[in-house]
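K.L.:
Attaching a single structure in structure tokens format; questions to follow.
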Amino acid sequence: MSADSAAATLALPGGGRGNARFRALLNAVVPEAISLDDEEWREAQSIIARALAARPASVQRQIGLFMHVLDVASLVRYGRPLAALPVAHATSLLEALSRSRLLLVRRGIWGARTLAFMGYYARAEAARAIGYRAAAAGWTAHRKANSS
Amino acid sequence: MDGTPQSKQLVIEREYDIVIIGSGAGGGTVAQELGKLVADGRRILVLEQGGRLADHEFTGRELDMSDALYEDAGGFLTADGTMTLAFGRVFGGSTVVYTGTSLIAPKRVIERWDVPMLDHADLERRSRRYMVENNVHYLPDEELNDNNRLFALGCERAGYHAEQFPLNVRGCRGSSLCNLGCPNAAKMGTNRVQLPAAERLGVEVVTRAEALRIEDRVVLARVRERSEGEKGARSEWMPGTYRIRAGIVVCAGGAVGTSALLLRSGLARVVPRLGEGFTCHPAHILVGEHAQPITNDVGHPKSFFLDRAEEEGFVLETCMYFPFVTAKNLTGFGTPHSALMRAFPRLQMILVLACDRAVTGNRITVDGAGRPVVHYRFTDAVITSLIHATRASARIFFAAGAVRVHAPSADPPLVERSQMDEIDALISERHFQTGRISISAAHLMGGCAMGHSARESVTDGWGRVHGVPWLRVADSSLFPDSLEINPYVTVMALADRTAQAVQADAGELLGGRVALTTA
């Protein structure tokens, strides 16, 4: 399934509000994500949605619930939901929660950041941007690229 | 997953002499060895849960291949969610996704296992045979990339002795994509060597076939349809539920798969230790950042290792992962994490593995739906091993010229070159926080341990399940404790023993009977 077709059929937990939460999460986890245009964001979104759709329903519920918990934590700490936070505040919130004494909270942050990394770095453009050039042709491709 | 058929009319009957469940290092080996019996009229079947991919479907694309080759796309979590377990679910099993590192079990480990009728010399002889069959050899110097050379150099300068991995490749082009399935068909897994040989002998292999439950000389299996867009060929059988009668059943679905299958089949009543003794060499990655670009995403990723298992309980291996997996495995997020990711062309990478031991509580169970649940607690010894491994890795990185090191058990995780004299203080057990550090494992072992009796083990030294003579095991679940090295060669050697015992017992268990039916 291509990313485009996945985007058309899969949605993130929580509908429109869920999308906004995930985008805020992505921006906090990967600062470069702020510059994603709409098409690139849809690609990241579809990657995350596809990964979630392949997980058991219980895992999908847990992720949806944890994103809601993040929103509540944001309201308690900053008086605004996650999607309305400046990136620096969102990052600070996630950082604090990632050091929680509660394993459940640390696990939640770990899972959320994993999804964000997947959405961002599994895109071919992101791989190119960081200089990742692995190719099936291996050394042959490497030598060719270096000689051109 | 309980395997209860919805309607008796939908259950399709089959009969074979021998059914092998799983097609990885264990199942592939048993299939090839027992394939000789087909000439005598025996009917042999291999059931594989995953699909059979064509060569062109190995694209090296990270998410696509993870979905196609791994259970849960490589994201199978332990019960408390603190470790990811990676194991293959494809024609060829985990031999499709390993890096092909081929080592013989250490003598001290086999002696510690204390399995009756299992001696190291026998295991070594069988291991060498499969290493020849799989074209195991050392890569020539000119095919080693900087990531590997720097590890060897760093080890030498830091006073360690790095060893080169023998690899089972033929025509390796250095794609560096081994863990996503070789896109050049160069890795000699069972999908390339033993399974094709078995099929040439007349062994039938059915893919997309999940063994649901084992009853008395019966395997209940479900064959599933290929979903839209999914890689791999359709199953060789029509989708549906099958009841397969078999004179002998050989389980080779891996430590998690075999243990779970036998547990949901009620075998714990016969062998109470079933599922216990799970070990997995818990691992995490470290990266060292160099000032200049190095070759790291080209060339075989895993050419060297440092074996400190006996002295300090850890092994270091060179490695190089893909953007998402790398991002996930680095601790933290935000600006420092992004800066490290942008340094990708300058990153050197080391995988640290702890040589864990079988302890009470680390075990495989099944949930109410029959799905495997892996319970794993990090012992103090494992954490200490990972800390020592991380400190050693940091020294190796700096000795190789790295300007900074990302160490998950440091806080903050970046250790600058100017801090290299403080490594012991900066990298410490107090920063090892599960749920914050990404830990994964790919060497899954135990659950059906070999041993003397049903009181303390599940099988004998030849893979026979205690008290169930027609039921055999031939995979890493047999290990009574961790192996301390990459396990596939040892799995093949043990599977070879299982196959030998099946052949020896075939006359008694199968009689002169030749299966009468019947697809």
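The values are calculated or read from the model by the stated rules, or taken from the named source; none is laboratory data. No experiment lies behind these values; they were computed from the predicted model shown. Every residue, glycine among them, receives a Cβ derived from its backbone with ideal geometry; neighbour counts consider all protein chains shown. These accessible areas exclude ligands, DNA and RNA; they are computed on the full protein's heavy atoms, side chains included. Shrake-Rupley method; radii C 1.70, N 1.55, O 1.52, S 1.80 Å.
K.L.:
Could you please tell me which pairs satisfy a Cβ distance under 7 Å, a separation of 6+ or placement on different chains, a first residue in segment B:329-344 that is facing chain A (nearest Cβ under 7 Å) and in a loop (DSSP other than H, G, I, E, B), and a second residue that is among the aliphatic types (A, V, I, L, M) and open to solvent by less than 20 Å² (accessible area, probe 1.4 Å)?
P.N.:
B:Phe333/A:Val29; B:Phe333/A:Leu94; B:Gly334/A:Ala28; B:Gly334/A:Val29
K.L.:
Now for a separate question. Quick one: in segment A:102-148, of everything that is open to solvent by less than 60 Å² (accessible area, probe 1.4 Å), part of a loop (DSSP other than H, G, I, E, B) and at the interface with chain B (Cβ under 7 Å from one of its Cβ atoms), which residue is farthest from B:Phe322 (Cα to Cα)?
P.N.:
A:Ala137
K.L.:
Every residue in segment B:223-242 that is away from every other protein chain (no Cβ under 14 Å) and surrounded by fewer than 18 Cβ atoms within 10 Å (Cβ to Cβ), please.
P.N.:
Hits for segment B:223-242 are B:Arg224, B:Glu225, B:Ala233, B:Arg234, B:Glu236, B:Met238, B:Pro239, B:Gly240.
K.L.:
For segment A:66-75, indicate whether the set of residues that are at pLDDT below 95, within 13 Å of A:Leu12 (Cα to Cα), open to solvent by 50 Å² or more (accessible area, probe 1.4 Å) and under 16 Å from the mean Cα position of the chain (by Cα) is non-empty.
P.N.:
Looking for residues that are at pLDDT below 95, within 13 Å of A:Leu12 (Cα to Cα), open to solvent by 50 Å² or more (accessible area, probe 1.4 Å) and under 16 Å from the mean Cα position of the chain (by Cα), one finds at least one in segment A:66-75, hence yes.
K.L.:
Would you pick out the residues in segment B:435-454 that are surrounded by fewer than 18 Cβ atoms within 10 Å (Cβ to Cβ) and at pLDDT below 95?
P.N.:
Initial filter on segment B:435-454 (surrounded by fewer than 18 Cβ atoms within 10 Å (Cβ to Cβ)): B:452-453.
Correct list: empty.
K.L.:
Test of understanding: among A:Ile130, A:Ile47, which residue is closer than 19 Å to A:Gly14 by Cα and in contact with a helix residue (DSSP H, G or I) (Cβ under 8 Å, 6 or more places away or on another chain)?
P.N.:
Criteria check complete, one pass: A:Ile47.
K.L.:
Could we say that B:Ser265 is among the small types (Gly, Ala, Ser) and facing chain A (nearest Cβ under 9 Å) here? Before you say what the answer is, go through the steps one by one.
P.N.:
Details: among the small types (Gly, Ala, Ser): yes; facing chain A (nearest Cβ under 9 Å): no.
Considered against the rule, which asks whether it is among the small types (Gly, Ala, Ser) and facing chain A (nearest Cβ under 9 Å), B:Ser265 comes out as no.
K.L.:
With B:Thr384, B:Thr360, B:Thr326 as the choices, which residue is farther than 30 Å from B:Gly60 by Cβ, in a helix (DSSP H, G or I) and either free of Cβ contacts under 8 Å to residues at least 60 places away in the same chain or not small (Gly, Ala, Ser) (or both)?
P.N.:
Numbers: B:Thr360 fails: in a helix (DSSP H, G or I); B:Thr326 fails: farther than 30 Å from B:Gly60 by Cβ.
Answer to the check: B:Thr384.
K.L.:
I'm trying to understand the selection: among the residues of segment B:72-81, which are farther than 17 Å from B:Thr365 by Cα and either facing chain A (nearest Cβ under 9 Å) or open to solvent by 40 Å² or more (accessible area, probe 1.4 Å) (or both)?
P.N.:
Residues satisfying the conditions are B:Asp72, B:Ala73, B:Gly75.
K.L.:
If I filter segment B:37-67 down to residues being over 30 Å from A:Ala137 (Cα atoms), in a helix (DSSP H, G or I) and at pLDDT 95 or above, which single residue comes out as nearest to the other protein chains (Cβ to nearest Cβ)?
P.N.:
Only one residue fits best here, namely B:Val38.
K.L.:
Let me ask something additional. Go through segment A:1-58 and report how many residues are polar (S, T, N, Q) and modelled with pLDDT under 90. Even if it seems obvious, please write down each step before you answer.
P.N.:
Just the residues of segment A:1-58 that are polar (S, T, N, Q), to begin with: A:2, A:5, A:9, A:19, A:27, A:35, A:45-46, A:58.
Of the ones still in play, those that are also modelled with pLDDT under 90 are A:2, A:5, A:9, A:19, A:58.
The qualifying residues number 5.
K.L.:
Exactly one of these conditions fails for A:Tyr78: (1) more than 7 Å from every other protein chain (Cβ to nearest Cβ); (2) out of contact with any His (no Cβ under 6 Å at 6 or more places or on another chain). Give me its number.
P.N.:
Going through the list (1) more than 7 Å from every other protein chain (Cβ to nearest Cβ); (2) out of contact with any His (no Cβ under 6 Å at 6 or more places or on another chain), A:Tyr78 breaks only (2).
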